[in-house]
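Undergrad: The structure is given below, and queries will be raised subsequently.
The values are calculated or read from the model by the stated rules, or taken from the named source; none is laboratory data. This one's a predicted model, so the numbers in the text were calculated from it and none came from an experiment. With ideal geometry, Cβ positions are generated from the backbone for all residues, glycine too; neighbour counts draw on all protein chains shown.
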Amino acid sequence: MAHLFIIDFTYTASLERIDEMLDEQRAWFDDGYAAGVLLASGRKVPRKGTIILAVGQSAAEIDRYFQGSPFVRNGLVEHRITEFVPSKTCDALTQYRTDK
């Protein structure tokens, strides 16, 4: 069974530097969506980072995957990975829900 993960990016670089890498990061996100790894992503408010919802087999697998992020590779963010087991979901995410 696949597991869900929340990845929390906190910017450690200036917004100017973040914006310089944004197109490359967005392309990386597009690849992640196409591969079925990413389910949702978006900016924090206020704009101090990004929250990402991902799916994978283990936290180690997700961490390895996120090492490929342009923001991570270039030291622009700190990231934290939190695995969770959803007991309730919307219909689109029922495949990840558990009754345990």
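Undergrad: Among residues belonging to segment 58-100 that are charged (D, E, K, R) and part of a helix (DSSP H, G or I), point out the one that is modelled with the lowest pLDDT.
TA: Asp91
Undergrad: Just give me the residues in segment 51-92 being surrounded by 15 or more Cβ atoms within 10 Å (Cβ to Cβ) and hydrophobic (A, V, I, L, M, F, W, C), in sequence order.
TA: If the condition is that a residue be surrounded by 15 or more Cβ atoms within 10 Å (Cβ to Cβ) and hydrophobic (A, V, I, L, M, F, W, C), then Ile52, Leu53, Ala54, Val55, Ile62, Phe66, Phe71, Val72, Leu76, Val77, Ile81 are the ones that fit.
Undergrad: Follow-up. Which of the residues spanning segment 1-28 are modelled with pLDDT of 95 or more, surrounded by fewer than 17 Cβ atoms within 10 Å (Cβ to Cβ) and within 19 Å of Ser58 (Cα to Cα)?
TA: Within segment 1-28, Ile6, Asp8 meet the criteria.
Undergrad: Here are Asp63, Asp19: which of them is under 27 Å from Cys90 (Cβ atoms), without any contact (Cβ under 8 Å) to a residue 60 or more places away in the chain and not aliphatic (A, V, I, L, M)?
TA: That would be Asp63, the only listed residue that is under 27 Å from Cys90 (Cβ atoms), without any contact (Cβ under 8 Å) to a residue 60 or more places away in the chain and not aliphatic (A, V, I, L, M).
Undergrad: Name the pairs whose Cβ atoms lie under 7 Å apart, with the first residue in segment 28-51 and on the phi < 0 side of the Ramachandran plot, the second hydroxyl-bearing (Ser, Thr, Tyr) and in a helix (DSSP H, G or I), and 6 or more positions between them or separate chains?
TA: Taking only residues 6 or more apart or on different chains, the pairs are Val37/Tyr65.
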